[in-house]
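Report on the following structure.
Values quoted throughout were computed directly from the atomic coordinates according to the rules given, and no laboratory measurement underlies them. Here the structure is a predicted model, which is why all the values come from computation and not from measurement. Because the Cβ atoms are built from the backbone with ideal geometry, glycine has one as well, and the counts that use them run over all protein chains shown.
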Amino acid sequence: MNVWLIQSKDDATVLEKDCAGRIKTLLGDKVIYTPYDTVTADGVKYPGHWSWIYTARNMPSYNGTNVFDWTAARKR
């Protein structure tokens, strides 16, 4: 995997239905896609474009590996 896409389905800036589909079409199995319905942290709902909050909190995981560990393991 080369790209990990994290996006909220209610992102009004970059539409999830357009972005995710294009990325998956272009990169196929080289992308991990983690969709969220909304962006909510500590009981506060944020705008959909703020899905980076999940990354900053190291929340996304794939097959038991969180996003920080996955990123650290990438090699050129």
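Report summary: the helix-based calculation at 222 nm, which adds -39500 (n - 2.57) for every DSSP H run with n ≥ 4 and divides by the residues of the chain, gives -8000 deg cm²/dmol.
Considering only beta bridges that DSSP places wholly inside the chain, some 45 percent are antiparallel.
Computed from phi, the 3J(HN,Hα) profile of region 35-40 under the Karplus parametrisation 6.51, -1.76, 1.60 (θ = phi - 60°) reads x, 10, 5, 9, 10, 9 Hz, with x in place of Gly and Pro. Distant-in-sequence amide contacts of Ile6, defined by a placed amide H-H separation under 5 Å and a gap of 5 or more residues or a different chain, comprise Thr34.
The charge dipole of the chain, taken about its Cα centre with unit charges on the Cβ of Lys, Arg, Asp and Glu (plus for the first two, minus for the last two), comes to roughly 360 debye.
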